[in-house]
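Just below is one structure, and these are the notes that go with it.
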Amino acid sequence: MSEERKFKSRWGFILASVGSAVGMANVWGFPNKLGANGGGAFLLIYIFFIFIFSYAGLPGEFAIGRRARTGTLGSYANAWKTRSEGLEKAGGLLAWLPLAGSMCIAIGYAVIVSYVLKALLSSLTGSLMKADVTAWFEGFSMSGYSVIPLHVIVVVVTLLTLFVGAKGIERTNKIMMPAFFIIFIILAVRVAFLPNVMEGYKFMLIPRWEALKNPMVWISAMGQAFFSLSITGSGMIVYGAYLPDDEDVVYVSQRTALFDTIASLVAALVIIPACFSYNLDVAAGPGQLFVTLPTILQDIPMGQLFAVILYVAMIFAGVSSLQNMFEAVGESLLHKFPKLNRKLVLFLMCAVCLGFGINMEAIYSWGPWMDFVSIYIIPIGAMLGAVSWFWIMKKDVILEEINKGAGKKRGELWYFTGRYIYVPIAVTLCSVALFMKISF
């Protein structure tokens, strides 16, 4: 892999990884799950899983990608080959499923980001500040082919940032991610001055211990932690492929998890207290972003300015996540079919995303699609990756890769955590998703 395809700095890599992790799951997923699963108790469990995943699962994906210096297909083949030469092909075939998950989630995700762009434009013109927000949202989300121009803009702009690989991802995220945090901190400060917000803070931060007895709270926190960190058995592998050998993958994973968790908490500090202040549902799902927040913004001084700020931040988060999904697919295809041109591959991905996505531009269409991907494809991908790194790949090989550039060497404790704690968690998530049909 050429030097220009690698990340140039540790913080460039961390910000790109945070950009992949931070997205809609943080802004409406985390507050929604927090509101529906006991507030502070859910938060404690969530942080517990984040700690485990950032110590074993995420470093595993980064390390596998760095070792293979390619995306999902080549990385699985490389991992399985360490066990036996004859297993290389099987690993490569298995990798198509998590890779398909990245593309499938990108198709539906691009539609959602198009809706955010619609909200941004309505905020800029001021029409959102005067609208009946429920009717406004249903007016385009329940109608097919309603935001086609915006959808095209989102997909094309995202793919243009990927033409130069890691260099483009690093540059754009150095702007987008700091801007995202600054914007949401500004909004959180503004919300703090609303009436009756203290009850919202108490709900978030004071655990209701009886909620710990509910297994569904644990399952929801586990699923949210997996997807918030983009541990899908595919996406983070390609960023690892662009990581220099002298970087500590556990260190950068833990920093990625830290900033991703801060992003979720800041988003919750905007949404949860505001919902308590206005007596709105704290578990409203997508409605929090397109109905609840606009309702609040209509009623506060400088609401239009804050609406513009909010949706700019969401565009940043959405595009940075789409970058990862597209890059995972593009790099894998280029490795599998080396004669293809990178720009041609990205163009074909753009066409596929738009072709399928435009036919989903109604909430009753992309909703079931996203549920299908979240319930089946993504959990299976996460499980396949976990099993491949900690049960198929040889122990000494993965430990050698994990310890490249490490300030503190990882050994038996790290491997034990991955094999006997992280893998059972991934298998549990997949089993629950498949047999109980719980959507995360």
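The values are calculated or read from the model by the stated rules, or taken from the named source; none is laboratory data. Keep in mind that what you see is a predicted model, and the values were worked out from it rather than measured. Glycine also receives a Cβ, built like all others from the backbone with ideal geometry; neighbour counts cover every protein chain displayed. Please note that ligands, DNA and RNA were not included when accessible areas were found on the heavy atoms of the full protein model with its side chains. Shrake-Rupley method; radii C 1.70, N 1.55, O 1.52, S 1.80 Å.
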Under the Karplus curve 6.51 cos²θ - 1.76 cosθ + 1.60, θ = phi - 60°, whole-Hz ³J(HN,Hα) for segment 179-196, x wherever Gly or Pro sits: 4, 4, 5, 4, 5, 6, 5, 4, 5, 5, 5, 5, 5, 4, 8, 6, x, 6
Residue-averaged [θ]222 nm for the chain, counting only DSSP H segments that reach four residues, each worth -39500 (n - 2.57): -22000 deg cm²/dmol
Give the label of the value calculated from the structure for semi-axes √(5λ) of the Cα gyration tensor in Å, choosing from (1) 32, 30, 25; (2) 49, 30, 23; (3) 34, 25, 19. (3)
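Relative contact order for the chain: what is it in percent, counting Cα pairs under 8 Å that are at least 6 residues apart? List each step's numbers first, then the result.
Details: 731 pairs, mean separation 160.2, N = 440.
Answer for the chain is 36 percent.
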Excluding ligands, DNA and RNA, what is the solvent-accessible area per residue of the chain at a probe of 1.4 Å, expressed in Å²? 37
At a 1.4 Å probe radius, which order do Trp209, Trp218 fall into by accessible area, largest first? Trp209, Trp218
If you plug each phi of segment 109-115 into the Karplus form 6.51 cos²θ - 1.76 cosθ + 1.60 with θ = phi - 60°, what whole-Hz ³J(HN,Hα) values come out, in order, with x for Gly and Pro? 5, 4, 5, 5, 5, 4, 5
Can you tell which of Asp396, Asp281, Asp248 shows the greatest fluctuation in a Gaussian network model of the chain with Cα springs below 10 Å? Asp396
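Assuming R0 = 35 Å, what is the FRET efficiency of Lys202 and Leu413, from their Cβ-Cβ distance, to the nearest 0.05? Could you put the intermediate results ahead of the total?
Values: r = 37 Å, r/R0 = 1.06.
Efficiency at R0 = 35 Å is approximately 0.40.
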If you plug each phi of segment 300-313 into the Karplus form 6.51 cos²θ - 1.76 cosθ + 1.60 with θ = phi - 60°, what whole-Hz ³J(HN,Hα) values come out, in order, with x for Gly and Pro? 10, x, 6, x, 5, 4, 5, 5, 4, 4, 4, 6, 4, 4
